[in-house]
Every structure is written in C-alpha cells, then in structure tokens.
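Peer 1: My questions all concern the structure below.
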Amino acid sequence: MRVYAWGQSVVRGPRTRFVKPRGRRGPAATAARRALALFCLLATLAGTGLGLDRAWAAEITHVHAAPADGGGVAVQAEAHINAPADVIWATLTDYDTLDRFIPGMQKSEVLDRHGSIVTVHQQGVANLLFFSYRIDVVVEASEEPQSRIRVRLLHGNLRRLNGGYDVVKAPQGNENEYILRWSGVIDPDLSLPEFVAVPMIRSNISEQFQGMVDEILRRSARDPGAVK
C-alpha cells in the first residue's frame, strides 16, 4: 500500500494523484511522528490491559474488566497479602482517610453509621490518557467484620455502582496470609464506547486497588512482629 503526503501532487493527464515526498524529513515532522507513535502505543496498552497497571507490584495477581450485562463495566481484582487480618480490616474500613492513599480519590467522608451500615460521601476523578471523568457519589457500605464489605450506590453521577471487598484466608498459607478481592460493576452516567469505558475503569480500579494493597502493607510494616 502506498502512502502519499497531503498537499503534494503531480498532474498526469486529466487526473491528479498524490505522491510520496522525497528527501529527508525535518525535525518537526520527525517529532510529530514519534509523538503519534507514543500515543498509539499508550492507547494500545490501555486497551489491551498490558499497561503500567500490571507492573506495579507482585502482590496483585489478577485484574480483569469486561462489559457488564445491563450496562457498565464488571471488574475483578485480586491480591495475595501477608498482613494480619485486623490490619487489613482496619485499612479497608478507614473511610475517612481513603483519600490520603487511594489514587484518584479526592474526598471520602463518613456521613452516617448504624451498626454495620455506613454511609460515605466520596469524590474523585477517573482518567485515561487525555480523558477524565469526575465522580461524586454517596454510597452505602455494609460490613461483615474481617470478611466482607458490600457497597451500593445511593445517589450521585454514576448510573450504577455495586460491588465490594472480600477477605479470604489463603489456602496452605501462613497465619497472616490472605487473599483480598474486589469485584463489582461501575457504569458512568455518560455515553462511552466500550473501547474507552472498559480500559478507563479497569485502569482506575487497578490503581485504587493497588493503593489499598500498598497501604495495608505499609501499616503492617509499622509492626514487623505482627507478620509471621
């Protein structure tokens, strides 16, 4: 297949056809070609799930995203963690400080608590390359101590948000070895093609999940004797 430069042509008979420019390209054209190639590479990595979110740390063993039935994106993330159960649980339920260590979260505030039911107001932003989407929601977290948190949307600028964390003792693991899982469905309140929505939500959930894992490990490391 031939590629012709825009604006350069040669006339042969009644037709004009574009021709490939000859000679060396200038520095501006070379820089533009390199920028385009970098953009295409980043877009490809984000779309296929082979981007930097897979390369953060060995703790994350699984991140998967796909279109969900009924709209939105279904995401699953999993990590193996060597930390005491009380440290894991305390970090997961530290709702008032999540914005300090969860990437993209700008505000997290407990509005109400009745026993194991907690109402939380959260604000943040989801990003993918040059696209960003601000999130402002109120969610309800239902806790099952040291094993499960279920989250559902009460109101905000998402069409759908339900999911949560599960903490499971690792089979054949040591005393403080656990599997942390996040699974849920997120549907932004705007029309996005799947090739944008899926990698955007996958990337942001991956970052937030990694932020949670890192904070759990940091808190556990403050007391080296707690991890066996």
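Peer 1: Once you order the gyration tensor axes a ≥ b ≥ c over the Cα atoms, which shape class does the stretch 55-226 get: rounded for a/c under 1.5, otherwise prolate or oblate by comparing a/b with b/c?
Peer 2: Details: a/c = 1.77, a/b = 1.40, b/c = 1.27.
Prolate shape, in that a/c is at least 1.5 and a/b is the bigger ratio.
Peer 1: Moving to a separate point now. What dipole magnitude, in Debye to the nearest 20, does the stretch 55-226 give about its Cα centre under +1 on Lys/Arg Cβ and -1 on Asp/Glu Cβ?
Peer 2: On the way: 15 positive and 23 negative charges, 39 e Å.
Charge dipole of the stretch 55-226: 180 debye, to the nearest 20.
Peer 1: State whether the stretch 113-189 is rounded, prolate or oblate according to the following rule on the C-alpha gyration tensor (a ≥ b ≥ c being the square roots of its eigenvalues): a/c under 1.5 gives rounded; otherwise a/b larger than b/c gives prolate, and the remaining case gives oblate.
Peer 2: It comes out oblate by the Cα gyration axes.
Peer 1: Still on this structure: Relative contact order for the stretch 59-212 using alpha-carbon pairs under 8 Å, separation at least 6, rounded to a whole percent? Can you show the working numbers first?
Peer 2: Values: 334 pairs, mean separation 42.5, N = 154.
Once divided by the residue count of the stretch 59-212, the mean separation gives 28 percent.
Peer 1: Measuring from label point to label point, each 7 Å out along Cα→Cβ, what is the Thr61 to Ala85 span in nm?
Peer 2: Label at Thr61, label at Ala85, 1.9 nm between them.
No lab work stands behind these numbers, since they all come straight from the coordinates. Predicted model only: the values in this text are computed from it and were never measured. Please note: Cβ atoms are built from the backbone with ideal geometry, for glycine as well, and neighbour counts cover all protein chains shown.
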